[in-house]
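Asker: I have a structure I would like to understand better, so I am pasting it below and will then ask my questions one at a time.
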Amino acid sequence: MKYLPRLLGLGLLSILVMLLAMSCESTKPAEFGSPNRIKGEAIAKPESRQIVHFTDSSTEYTTPRSELAKAFIRQFADGTVIDKIQVRKAPAGPDEPVSYYLIGMGLRNGMYRAMALPLTAGGDNTYYLRPTAERYTITGQGCPMCFFNFENGRIVGSTCGEKVGGSTCDLKVDANNALFSSVPISSAPTK
């Protein structure tokens, strides 16, 4: 009997909460990957970034290499220090389209690290980096220099420059990059 007032209080509280919940306007939750759109609100989309422009005689970096190095360091987000930046033409067959990769190279705890990102042609020999471009990351283990292996203009693997017993170059492929966003997508070293 002494618990009856508490049970009645809990019952009344439950009914009140249900009534409040039913009186609220219900909304359909957004599907995964699609943002809730508010009428009149502009949805900001990440833009591609111009990286390089080729002329007949030179390569002009439209984004300074120092800025690219800092962006690679943020993208790695694990202490990797990038000290070399290059844009490399991928080897391809005579009938294959020309493709270029932005590559950052450096070290982490004495281990070789490199990241390659495919560039998109924008016309007039200008190439851009898309935020949805894949990331190809190499981590060397006992290997002083690793290389990306290409096939038909695409990265398909990695090779150690010096064949030393037990040395490897591990390749990890991620679906996107955050090179120029304010929040890096971490790239943990592969095992």
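Asker: Would you mind putting 130-139, 55-64, 83-92 in packing order, based on average other-beta-carbon counts within 10 Å, highest first? Write down the numbers at each step before the final one.
Answerer: Values: 130-139: 19.6, 55-64: 10.4, 83-92: 14.9.
Those peptides, ordered most packed to least, come out 130-139, 83-92, 55-64.
Asker: If I stretch the segment between residue 55 and residue 159 completely, what's the gain in nm (0.36 nm per residue apart, minus their alpha carbon distance), one decimal? Can you show the working numbers first?
Answerer: Values: separation 104, 0.36 × 104 = 37.44 nm, distance 3.15 nm.
That works out to 34.3 nm of additional length.
Asker: Output the relative contact order of the stretch 45-191, whole-number percent, from Cα pairs under 8 angstrom with separation of 6+ residues.
Answerer: Working: 330 pairs, mean separation 33.2, N = 147.
Here the relative contact order equals 23 percent.
Asker: In nm, to one decimal, how far is the residue 167 label point from the residue 147 one, both placed 7 Å along Cα→Cβ?
Answerer: Distance between label points: 1.3 nm.
Asker: Then there is this: Residue separation times 0.36 nm, minus the C-alpha to C-alpha distance between residue 77 and residue 134: what's the value? Please report the intermediate quantities before stating the final value.
Answerer: Details: separation 57, 0.36 × 57 = 20.52 nm, distance 1.69 nm.
This chain segment gains 18.8 nm when fully extended.
Asker: Additional query: Show the residues, 5+ positions off or on another chain, whose built amide H is closer than 5 Å to the amide H of residue 52.
Answerer: Those lying under 5 Å, H to H, from residue 52 are 62, 127.
Asker: Subtract the Cα-Cα distance of residue 125 and residue 62 from 0.36 nm times their separation in residues, and report this length gain in nm to one decimal. Walk me through the numbers before you get to the answer.
Answerer: Values: separation 63, 0.36 × 63 = 22.68 nm, distance 1.20 nm.
Between residue 125 and residue 62, full extension yields 21.5 nm more.
Asker: Provide the net charge surrounding residue 134, with neighbours chosen by a C-beta distance below 13 Å and charges set as Lys +1, Arg +1, Asp -1, Glu -1.
Answerer: Residues near residue 134 contribute +3 overall.
Asker: Right, something else. Whole angstrom only: what separates the Cα centroid of the stretch 142-177 from the Cα centroid of the stretch 57-122?
Answerer: Between the Cα centre of the stretch 142-177 and that of the stretch 57-122, the gap is 14 Å.
Asker: Under 1.5 on a/c is rounded, so check that first for the stretch 49-191, then, if it is not, pick prolate when a/b is larger than b/c and oblate when it is not; a ≥ b ≥ c are the square roots of the alpha carbon gyration tensor eigenvalues.
Answerer: oblate
None of the figures in this text is laboratory data; all of them are computed from the coordinates on show. Predicted model, so just to flag it, every value in this text is computed and none were measured. When we count neighbours, we look across all protein chains shown, and the Cβ atoms used for this are built from the backbone with ideal geometry, even at glycine.
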